[in-house]
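Right, one structure below, let's go through it.
The values are calculated or read from the model by the stated rules, or taken from the named source; none is laboratory data. Here the structure is a predicted model, which means the values were calculated and not measured. Please note: Cβ atoms are built from the backbone with ideal geometry, for glycine as well, and neighbour counts cover all protein chains shown. When the accessible area is computed, the model is the full protein with side chains, heavy atoms only, and any ligands, DNA or RNA have been set aside. Shrake-Rupley method; radii C 1.70, N 1.55, O 1.52, S 1.80 Å.
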Amino acid sequence: QVHLVESGGGLVQAGGSLRLSCVASGNIFSINNMGWYRQAPGKQRELVATITSGGSTNYADSVKGRFTISGDYAKNTVYLEMNSLKPEDTAVYYCRLMGSYSYTADFVSWGQGTQVTVSS
């Protein structure tokens, strides 16, 4: 079983910054992809950013130029640096990890979510 622990959420003013962290633990043979999703009140969960083990990144258009995803695969950790935050960024942010228990067993694991609130 793989567990993800997120931290770094909170309340900030518009224009401020936050850095989210997610640490995975458990029976992890390899990690293929780590990422962040978010869900605002009354909205569907959406992709924010992802990063592969090779360092390739992908961002939602709404956060390009403001958010930066990074990872330390050796430590099973992914980060999300959020700058120039807007009230529209207010949401619960979820960490997601895609990996393998072994050569033949893959998994997708989600964190519990951390609240990010941006005031205007």
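Some points to look at:
- Scanning region 40-54 for residues that are in contact with a strand residue (DSSP E or B) (Cβ under 7 Å, 6 or more places away or on another chain), under 24 Å from GLY71 (Cβ atoms) and not in a strand (DSSP E or B) yields ARG45, SER53.
- Out of SER84, SER102, sole residue that is on the phi > 0 side of the Ramachandran plot and either part of a loop (DSSP other than H, G, I, E, B) or not polar (S, T, N, Q) (or both): SER84
- Being of a type outside the set (Ser, Thr, Tyr), over 18 Å from LEU4 (Cα atoms), without any contact (Cβ under 8 Å) to a residue 24 or more places away in the chain and touching a strand residue (DSSP E or B) at 6+ places or on another chain (Cβ under 7 Å) is a description that does not apply to ALA91.
- Some residue of region 56-69 being surrounded by fewer than 20 Cβ atoms within 10 Å (Cβ to Cβ) and hydrophobic (A, V, I, L, M, F, W, C): yes
- Against the list (1) at positive phi; (2) at pLDDT 95 or above, the condition ASN76 fails is (2).
To keep it simple, each residue is scored yes or no on (1) open to solvent by 40 Å² or more (accessible area, probe 1.4 Å); (2) over 23 Å from GLN13 (Cα atoms).
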position	(1), (2)
TRP36	no, no
LYS43	yes, no
THR77	no, yes
PRO87	yes, no
MET98	yes, yes
SER109	no, yes
GLN112	yes, yes
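- Qualifying residue in region 9-30 (condition: in a strand (DSSP E or B), touching a strand residue (DSSP E or B) at 6+ places or on another chain (Cβ under 6 Å) and on the phi > 0 side of the Ramachandran plot): yes
- Being in contact (Cβ under 8 Å) with a residue 12 or more places away in the chain, under 12 Å from the mean Cα position of the chain (by Cα) and farther than 19 Å from VAL116 by Cα is a condition met by no residue of region 11-20.
- Residue that is nearest to TYR93 (Cα to Cα), among those in region 45-55 that are open to solvent by less than 30 Å² (accessible area, probe 1.4 Å) and not polar (S, T, N, Q): VAL48
Here is a yes/no grid of residues against (1) loosely packed, with under 13 Cβ neighbours inside 10 Å; (2) within 11 Å of TYR93 (Cβ to Cβ):
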| residue | (1), (2) |
| --- | --- |
| GLN13 | yes, no |
| ARG19 | no, no |
| ASN27 | yes, no |
| ALA40 | no, yes |
